[in-house]
Amino acid sequence: MKTLLTLFFTVVCLAQPQQVKNFLEESKPQYEARMKWWSEARFGMFIHWGLYSIPAGEWKGSTNHAEWIRTTARIPLTEYDKFVEQFNPVKFNPTEWVRMAKNAGMKYIVITSKHHDGFCLFDSKYTDFDVMAAPFKRDIMKELADACHKEGIKICWYHSIMDWHHPDYLPRREWEKDRPIAGAEFDRYVHHMKNQLKELLTNYGEIAVLWFDGEWESTWNTKYGTELYNYVRSLQPNIIINNRVGAGRSGMEGFTKAGQFAGDFGTPEQEIPATGLSGVSWETCMTMNDNWGFNKNDQKWKSTEDLIQKLADISSKGGNFLLNVGPTSEGVFPQQAIERLRELGDWMKTNGESIYETKASPFKDLEWGRCTQKAIDGGTRLYLHVFNWPANGKLTVPGILNEPKQAFLLADKEQLHLLVRRQEDALVIDVPAKSPDPINSVVVFDVRGSVDVTTPPIISAKFDIFVDRLDVTVKSERESFSLRYTLDGTTPAASSPLVTGPIRLTSTTIVTARCFREGKPVSGTVSSTFTKVSPSPGASVSGLENGIQYSYYEGDWNVLPDFSKLTPTKQGDIPAFDLSPRNQPEYFGLEYRGFVRVPENGVYGFSTDSDDGSRLYIDDNMVVNNDGLHGMKEVKGAVALGAGSHAIKVQYFQKGGGRELKVWLEGVKGEKQIIPETMLFHQK
Ligand code: FHN
């Protein structure tokens, strides 16, 4: 894709006099060399700090705000600007912050040079809305950069493209009727942003990453993004830039949409992808509690156990973990964050080598934990991250064809060798009765050669429920293996039936499958249960009219609220599921109720594809749970229905950024469509 963009950029450059190097022409080896330190680092600290730490999440009685408070509390600019004269974080000690990050095992720090509110934590000659206008009068970015350079930690800037303060930034917030757009010129804002980026990239030494954000509004696009990417690289050629520089990010799941401009790495937010993506650099950013900016009432702190296991999970998928701290208005980290950083550091001091410079796991799934790996002389070193220590002292590593070399506990300074035996497809390691670490014990396991793992077969069918019969397929990624299966939940053996095609079920069945080679099992097993069900009868309702009823709500949520406890802003009916009732682009919710009429008995697939969260119920049973803050994401479910009308309820909420809702139906014959008006009814 970069080739296409290179062509695009070349044409653009030809059309313009100035000569700016096209960094998109970078070769794969050059890209990998530039990304090397970052890929090996695996673990960084995110810091969200600014004026919003003063209200600390609270405004006129509501306490669920944070760095978005100017928008979520609809604070007029003149009122918000007053925070400048209060910003005096006298306890700020950059060396203390950097050492807490370093001691936690973090290799880089990404701090908000400017968040969406437009306030600059650095001394900028292009604005008075900066830290030098505050009583503090110290260039925070300078002090932090110096401390990072001194302590050997990479310093990186988060910089928001969206700017709720600069008069030339568009669009305005819809509720800001007092800020006319007359005279505003977006290109002049882009020029201003580039001037400030030049300050940030020439006055503070080597900057390792530019972490853009706030790129989702209609005024930003790929052209701006590719130009900005090259501009930043022209100032610091080795800098790394995330995929939010462009306009191609797919919401909170953070990866770049196919064919779109990618920047250098994907940015899943508040979530960890189900699997890694080979050849794709990505970093999950996550809060330690529920907020990025400091919220004094937010006590939903993730446990240290959760954070350590998330770090292992992310590393096992080949990603980086950017863990956030929101400092207070005094310039200190919340005590709960300090404690977690210290405990993370204790674990990293013993186990850091199982994270740093490792590659993704060769296993699809390990029931006891995760795995990371790195090449060693003559073989591969596997780091087995054991969350659930085996009570029987037998740690089973399934589907591995390599010859073992040695195994020992990473925490054991003596590196006492553990006994390893082959048991069919698996290598079984005898481990001590007591785990070395209650959260994540790492077993080092060296094997000869590059790792050769066989993942179990994949069992699939249209749905996991059926009315009369169901065809189940069993496939393996490696053609050379023969697949054997059982239908009674037992483990397939060499004498079990061979998979020769779809397996037809006519009753509830557990299908278990396994790979074999030359009569010997070479993978672990996999099982799936398929349930025979009776279709629920259609409702006996009369007086149905086309369309569905909606209730529209306004509010700020991170998950779907209990709409039954809220008062709707308005109600009515509409032909089909859409967002037309909304009064504003953000901070609203909808609940739709009605009936869906299906033509015949059978299993129907329903799905919602939404940004942000949604749920779908049929006959008051939840069929789809797609809740949460995320970009466009489709979640499917299935239900057996008799011909006729069935109650349908869909719930949806939108916080900020992209917004969309699609409600799909997959019929008995496999036809998938957005539920049409002709299938939707309501009782007047
Ligand atoms: O709107 C911002 C939010 O305040 C925070 O900075 C996160 C962190 O990545 N990014 C945006 C939400 O996606």
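The values are calculated or read from the model by the stated rules, or taken from the named source; none is laboratory data. In this text the structure is predicted, and so the values were computed from the model without any measurement. Neighbour counts run over all protein chains shown; Cβ positions are idealised from the backbone, glycine included. Ligands, DNA and RNA are stripped out before the accessible areas are found, and what is left, the full protein with its side chains, is counted by its heavy atoms. Shrake-Rupley method; radii C 1.70, N 1.55, O 1.52, S 1.80 Å.
Among the residues of this structure, Thr127 counts as one that is closer than 21 Å to His191 by Cβ and assigned by TED's automatic domain parsing to the domain that holds Thr287. When the range 201-217 is limited to residues that are within 16 Å of the ligand (Cβ to nearest atom) and of a type outside the set (D, E, K, R), the one that is most open to solvent (accessible area, probe 1.4 Å) turns out to be Trp216. Consider Lys107 carefully, then state whether it is in contact with a strand residue (DSSP E or B) (Cβ under 8 Å, 6 or more places away or on another chain), open to solvent by 20 Å² or more (accessible area, probe 1.4 Å) and either among the hydroxyl-bearing types (Ser, Thr, Tyr) or in the same structural domain as Leu344 (by TED's automatic domain parsing) (or both). Spelling it out, Lys107 is indeed in contact with a strand residue (DSSP E or B) (Cβ under 8 Å, 6 or more places away or on another chain), open to solvent by 20 Å² or more (accessible area, probe 1.4 Å) and either among the hydroxyl-bearing types (Ser, Thr, Tyr) or in the same structural domain as Leu344 (by TED's automatic domain parsing) (or both). Ser495 fulfils the conditions (1) open to solvent by 60 Å² or more (accessible area, probe 1.4 Å); (2) of a type in the set (Gly, Ala, Ser); (3) closer than 30 Å to Ala411 by Cβ except for a single criterion, (3). Beta carbons closer than 9 Å, at least 6 apart along the sequence or on distinct chains, pair a first residue in the range 82-94 that is over 13 Å from Pro327 (Cβ atoms) with a second that is of a type in the set (Phe, Trp, Tyr) for Phe83/Tyr52; Phe83/Phe119; Val84/Phe119; Val84/Phe129; Asn88/Phe136. Pairs are defined by a Cβ separation below 6 Å, a sequence spacing of at least 6 or placement on different chains, a first member in the range 531-543 that is within 16 Å of Lys462 (Cα to Cα), and a second member that is in a loop (DSSP other than H, G, I, E, B); the pairs so defined are Thr531/Thr508; Lys532/Ser507; Lys532/Thr508. Applying the condition of being closer than 14 Å to Tyr204 by Cβ, in a loop (DSSP other than H, G, I, E, B) and open to solvent by less than 10 Å² (accessible area, probe 1.4 Å) to the range 116-136 and asking which residue is nearest to the ligand (Cβ to nearest atom) yields Leu121. Can you find even one residue in the range 647-654 that is crowded, with 17+ Cβ neighbours inside 10 Å and in a loop (DSSP other than H, G, I, E, B)? No, because not a single residue in the range 647-654 is crowded, with 17+ Cβ neighbours inside 10 Å and in a loop (DSSP other than H, G, I, E, B).
One residue is enough: does the range 283-297 have a residue meeting the conditions open to solvent by 30 Å² or more (accessible area, probe 1.4 Å) and more than 15 Å from the ligand (Cβ to nearest atom)? There is at least one residue in the range 283-297 that is open to solvent by 30 Å² or more (accessible area, probe 1.4 Å) and more than 15 Å from the ligand (Cβ to nearest atom).
Filter the range 587-618 down to residues that are of a type in the set (D, E, K, R) and surrounded by 20 or more Cβ atoms within 10 Å (Cβ to Cβ), then give me how many there are. Going through the range 587-618 one residue at a time, the tally reaches 4. Considering Ala66, Ala73, the condition of being within 16 Å of the ligand (Cβ to nearest atom), surrounded by fewer than 21 Cβ atoms within 10 Å (Cβ to Cβ) and over 16 Å from Ile241 (Cα atoms) is satisfied by Ala73 alone.
On the given criteria, is Thr512 open to solvent by 20 Å² or more (accessible area, probe 1.4 Å) and assigned to a strand (DSSP E or B)?
No.
Please pick out the residue among Val467, Val428, Val443, Val420 that is surrounded by 14 or more Cβ atoms within 10 Å (Cβ to Cβ), among the aliphatic types (A, V, I, L, M) and within 30 Å of Gly670 (Cα to Cα). None of the other options fit; the residue is Val467. Just one of the listed residues (Leu418, Leu483, Leu410) is assigned by TED's automatic domain parsing to the domain that holds Val526 and over 17 Å from Ser361 (Cα atoms), and it is Leu483. Out of Gly345, Gly326, Gly331, one residue alone is in the same structural domain as Asn297 (by TED's automatic domain parsing), out of contact with any strand residue (DSSP E or B) (no Cβ under 9 Å at 6 or more places or on another chain) and buried (at least 20 other Cβ atoms within 10 Å of the Cβ). It is Gly331. May I ask you to list the residues in the range 244-266 that are open to solvent by less than 10 Å² (accessible area, probe 1.4 Å), away from the ligand (no atom under 12 Å from the Cβ) and closer than 19 Å to Asn320 by Cα? Across the range 244-266, the qualifying residues are Val245, Gly263, Asp264, Phe265, Gly266.
In the range 271-282, which residue that is hydrophobic (A, V, I, L, M, F, W, C) and either in a loop (DSSP other than H, G, I, E, B) or open to solvent by 20 Å² or more (accessible area, probe 1.4 Å) (or both) is nearest to Gln336 (Cα to Cα)?
Here is the first cut: in the range 271-282, the ones hydrophobic (A, V, I, L, M, F, W, C) are 272, 274, 277, 280, 282.
Pick out the ones that are also either in a loop (DSSP other than H, G, I, E, B) or open to solvent by 20 Å² or more (accessible area, probe 1.4 Å) (or both) and you get 272, 274, 277, 280.
Values: Ile272: 23, Ala274: 28, Leu277: 33, Val280: 33 Å.
The extreme case among them is Ile272.
The residues on offer are Ala56, Ala33, and the sole one that is assigned to a loop (DSSP other than H, G, I, E, B) and not charged (D, E, K, R) is Ala56. Residues in the range 208-231 that are closer than 22 Å to Lys142 by Cβ, touching a helix residue (DSSP H, G or I) at 6+ places or on another chain (Cβ under 6 Å) and of a type in the set (A, V, I, L, M): Leu210 only. Of all residues in the range 298-322, those that are in contact with a strand residue (DSSP E or B) (Cβ under 6 Å, 6 or more places away or on another chain), within 16 Å of the ligand (Cβ to nearest atom) and not polar (S, T, N, Q) total 4. Among residues that are more than 16 Å from the ligand (Cβ to nearest atom), assigned to a helix (DSSP H, G or I) and open to solvent by less than 20 Å² (accessible area, probe 1.4 Å), Asn195 is not included. Among the candidates Asp163, Asp139, Asp178, Asp168, single out the residue that is within 16 Å of the ligand (Cβ to nearest atom), in contact (Cβ under 8 Å) with a residue 12 or more places away in the chain and either out of contact with any helix residue (DSSP H, G or I) (no Cβ under 6 Å at 6 or more places or on another chain) or not aromatic (Phe, Trp, Tyr) (or both). Going through Asp163, Asp139, Asp178, Asp168 in turn, the sole match is Asp163.
Yes or no, residue by residue, for (1) hydrophobic (A, V, I, L, M, F, W, C); (2) at positive phi; (3) within 37 Å of the chain's Cα centre (by Cα):
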{"position": "Gly489", "(1), (2), (3)": "no, yes, yes"}
{"position": "Ile503", "(1), (2), (3)": "yes, no, yes"}
{"position": "Arg517", "(1), (2), (3)": "no, no, no"}
{"position": "Ser527", "(1), (2), (3)": "no, no, yes"}
{"position": "Gly547", "(1), (2), (3)": "no, yes, yes"}
{"position": "Tyr552", "(1), (2), (3)": "no, no, yes"}
{"position": "Asp562", "(1), (2), (3)": "no, no, yes"}
{"position": "Asp573", "(1), (2), (3)": "no, no, yes"}
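Among the numbered conditions (1) among the polar types (S, T, N, Q); (2) more than 16 Å from the ligand (Cβ to nearest atom); (3) in contact with a Leu (Cβ under 8 Å, 6 or more places away or on another chain), the only one that Ser113 does not meet is (2). Looking at the range 440-456 only, could you name the residues that are in a loop (DSSP other than H, G, I, E, B) and touching a Leu at 6+ places or on another chain (Cβ under 9 Å)? Matches in the range 440-456: Asn440, Val451, Asp452, Thr454. Residues in the range 256-270 that are at pLDDT 90 or above, assigned to a loop (DSSP other than H, G, I, E, B) and closer than 23 Å to Val635 by Cα: Thr267, Pro268, Gln270. Taking the range 605-632, which residues are in contact with a helix residue (DSSP H, G or I) (Cβ under 6 Å, 6 or more places away or on another chain) and closer than 17 Å to Phe577 by Cβ? Scanning the range 605-632 gives Asp611, Met632.
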